[in-house]
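Take a look at the structure set out below.
Just so it is clear, none of the values below were taken in a lab; they were calculated from the coordinates. Since we're looking at a predicted model, the values are computed, not measured. Neighbour counts are summed over all protein chains in view; Cβ atoms, including those assigned to glycine, are modelled from backbone coordinates with ideal geometry.
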Amino acid sequence: MERIRKRWDLKDTIVVLRLFIGWHFLYEGVIKLYNPEWTSFGYLASSQGPLKSVFAALTAEAILPWVDALNWATLIFVGVTLLLGIWEKWGAFAGMGLLALYYLAHPSFPWVTQLNVEGSYWFINKNLIELVACMVLFQFPTGHYFGLPRVFGKKKVLTKTEIS
């Protein structure tokens, strides 16, 4: 176990978390972009909770195409930034915002009828869990460890104090 611990540490785990979440966001964005039948109308129209009227207003004919485009564009942005390890904090922050909106559209409160969701949850659902994971990625960017910044970054010159 000690040998494994020296080879695999927290940075490696956070890199894997970043890559998995990045892949999830990118996949969801690309699928929505290339599916001409996709729209967020059903998800927004069936929203529950205290912000139901706000999400219902986003289904207006003049607004919905913008909402759809912003949704897939943000998903792709988050996916690319996290997969490549560039602008990770921006990507994680945008991911947190998007996931918060998804959660608020269909909050998993026990007193709210759960429509258009995968399962039955009490307060905590997959969106909230992934939001917290994005918080971790925001606080611990790893692109300099595994990502494009490492490939194209400048080599750090060690000073005499850092060598000894």
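Need the full-extension length gain, TRP122 to ASN35, defined as separation in residues times 0.36 nm minus the C-alpha distance. One decimal, nm. The partial results should precede the final answer.
Working: separation 87, 0.36 × 87 = 31.32 nm, distance 3.20 nm.
Value of the extension gain: 28.1 nm.
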*Would you please state the base-10 log of I(q)/I(0) at q = 0.16 1/Å for region 2-163, with intensities from the Debye formula using one equal scatterer on every alpha carbon?*
-0.96
*asked:* Loop by DSSP (not H, G, I, E, B), at most 16 other beta-carbon atoms within 10 Å: where is the longest site-free stretch of the chain for chymotrypsin sites (Phe, Trp or Tyr not before Pro)?
replied: 39-110
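Evaluate region 42-104: find the radius of gyration of its Cα atoms, find its Kirkwood radius, and give the ratio Rg to Rh. Write down the numbers at each step before the final one.
Working: Rg = 13.2 Å, Rh = 12.6 Å.
On the Cα set of region 42-104, Rg over Rh gives 1.05.
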*Please identify which residues in region 74-98 have an amide N closer than 15 Å to a label point set 7 Å out from the Cα of PHE152, following the Cα→Cβ vector.*
80-88
*From phi via Karplus (6.51, -1.76, 1.60), per-residue ³J(HN,Hα) for region 137-148 in Hz, x at Gly/Pro*: 5, 5, 7, 10, x, 10, x, 5, 8, 8, x, 4
*Let me know the longest stretch in the chain that avoids all trypsin sites (Lys or Arg not before Pro) found in a DSSP loop with at most 12 other C-beta atoms within 10 Å.*
1-153
*For the Cα atoms of the chain, what angle does the longest principal axis make with the long axis of helix 88-105, in degrees from 0 to 90, nearest 10?*
20
